[in-house]
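Visitor: Quick one: the structure is below, and I'll ask about it shortly.
The values are calculated or read from the model by the stated rules, or taken from the named source; none is laboratory data. Just so we're clear, the structure is a prediction, and the values are computed from it rather than from any experiment. Glycine also receives a Cβ, built like all others from the backbone with ideal geometry; neighbour counts cover every protein chain displayed. Side chains included, ligands, DNA and RNA excluded: accessible areas come from the protein's heavy atoms. Shrake-Rupley method; radii C 1.70, N 1.55, O 1.52, S 1.80 Å.
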Amino acid sequence: MPEVIFNGPEGRLEGRYQHGKGPTAPIALLLHPHPQHGGTMNNKVVYALYQIFAQRGFSVLRFNFRGVGRSQGVFDRGEGELSDAASALDWLQSYNENARACWIAGFSFGAWIGMQLLMRRPEISGFISVAPPANLYDFSFLAPCPSSGLVVQGKSDEIVPEGSVKKLIDKLQNQRDIEIEYALIEGANHFFATQLDQLSLSVHDYLNRHTDTQQAGKKAS
């Protein structure tokens, strides 16, 4: 998994990139938790997601938001981090011009950023959102949510209460033309400390059942 450095809005951004299999390999962008609470691209949940997409032949990129690791800049309350994510997606697409599908996956703060990027980039055909902080940030911009996807939540999450995420899911599931699946993992805390295997199984299962369908739908649109 080679280290990469690419240009962001406030200077260089540091990432890790795995090139996919085949000239039309799909792409996936991974977004990490809150930079001011220890979040980095090496977070265990982010790394697990990265491995899942890489194993499936995706071209996959995880990177550090501004001010984290070797990425330049300072924390910008989400606005700058959204710009970082857009730059990361631009870089990923520049190396995979013939990608047959585009996915985004984020954990906690990264899930919030990822869902905002989803609203701005119509080429994103699917998403994985892990522990979206619906109690801490406003998700009302998902009106409507433009793509189907999977939300994974820990039943014993001590930072993002399951009830707040369930309210968000109920709202999204009432929208037409998309399907939001919800995987609630019993006993899992916010960081899925002892349930990373269950998290990975949920994501693998979702991708097994939906990747080909969503790719086909993207081609037809």
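Visitor: I'd like to know which of Leu207, His19, Tyr47 lies farthest towards the positive end of the charge dipole of the chain, counting +1 on Cβ of Lys and Arg and -1 on Cβ of Asp and Glu.
Guide: Of the listed residues, the answer is His19.
Visitor: Hey, another quick one. Which of the trypsin sites (Lys or Arg not before Pro) found in the stretch 22-97 are loop residues per DSSP with 15 or fewer other Cβ atoms within 10 Å of their Cβ?
Guide: Numbers: sites: Lys44, Arg56, Arg62, Arg66, Arg70, Arg77; in loops: Arg56, Arg66, Arg70, Arg77.
When the trypsin sites (Lys or Arg not before Pro) of the stretch 22-97 are filtered for loop state and at most 15 Cβ neighbours within 10 Å, Arg70, Arg77 remain.
Visitor: Here's a follow-up. Can you tell me the relative contact order of the chain? Whole percent, Cα pairs under 8 Å, sequence separation 6 or more.
Guide: Working: 453 pairs, mean separation 38.4, N = 221.
Across the chain, relative contact order equals 17 percent.
Visitor: Per residue, how large is the accessible surface of the chain? Use a 1.4 angstrom probe and give square angstrom. Please report the intermediate quantities before stating the final value.
Guide: Details: 9710 Å² over 221 residues.
So the chain comes to 44 Å² accessible per residue, rounded to a whole number.
Visitor: Next question. Measure off 7 Å from each Cα along the Cα-to-Cβ vector at Val4 and Leu136, then give the distance between these two points in nanometres to one decimal.
Guide: Label-label distance for Val4 and Leu136, simple model: 2.7 nm.
Visitor: Okay, moving on. Taking amide H positions as placed in the peptide plane 1.01 Å from N, state which residues far from Gly154 in sequence (5 or more) or on other chains have amide H under 5 Å from it.
Guide: Ala131, Ile185
Visitor: Label-point separation (nm) for Ile178 and Asn208, each offset 7 Å from Cα along Cα-to-Cβ?
Guide: Here the answer is 2.6 nm between the modelled labels.
Visitor: Report, please, the projected area of the chain averaged over directions, based on the convex hull of its C-alpha atoms, in nm².
Guide: 10.7 nm²
Visitor: Can you tell me the Rg and Dmax of the stretch 125-213, counting just the alpha carbons, in angstroms?
Guide: Final numbers for Rg and Dmax: 12.8, 36 Å.
Visitor: What FRET efficiency comes out for Met119 versus Asn98 if R0 is 22 angstrom and r is the Cβ-Cβ distance? Round to the nearest 0.05. Could you put the intermediate results ahead of the total?
Guide: Numbers: r = 25 Å, r/R0 = 1.13.
Efficiency, rounded to the nearest 0.05: 0.35.
Visitor: Another question, then. If you restrict to DSSP beta bridges whose two residues both lie in the chain, what percentage is antiparallel, to the nearest 5?
Guide: Of all bridge pairs located within the chain, approximately 30 percent are antiparallel.
Visitor: Right, next: Could you tell me the distance between the Cα centroids of the stretch 47-82 and the stretch 101-151, to the nearest Å?
Guide: Their Cα centres are 14 Å away from one another.
Visitor: Check which residues have an amide H placed less than 5 Å from Cys102's amide H, if you skip close sequence neighbours.
Guide: Under 5 Å from the amide H of Cys102: Ile27, Ser125, Gly126.
Visitor: A further question on this structure: Rank Leu92, Gly78, Leu196 by how far each Cα sits towards the positive end of the charge dipole of the chain (+1 on Lys, Arg Cβ; -1 on Asp, Glu Cβ) and give me just the farthest.
Guide: Positive-end residue among those listed: Leu92.
Visitor: Rounded to the nearest whole Å³, what is the per residue volume of the convex hull around the Cα atoms of the stretch 138-187?
Guide: On the way: hull volume 3.3 nm³, N = 50.
Once divided by residue count, the hull of the stretch 138-187 is 66 Å³.
Visitor: First compute the accessible area of the chain with a 1.4 Å probe, then give the percent of it belonging to carbon and sulfur atoms.
Guide: Numbers: 4630 of 9710 Å².
The value for the chain is 48 percent carbon and sulfur by accessible area.
Visitor: Where nothing but the Cβ of Lys and Arg (+1) and of Asp and Glu (-1) is charged, how large is the charge dipole of the stretch 1-64 around its Cα centre, in debye to the nearest 20? Provide the component values of the computation, followed by the final result.
Guide: Values: 6 positive and 3 negative charges, 48 e Å.
That gives a dipole near 220 debye.
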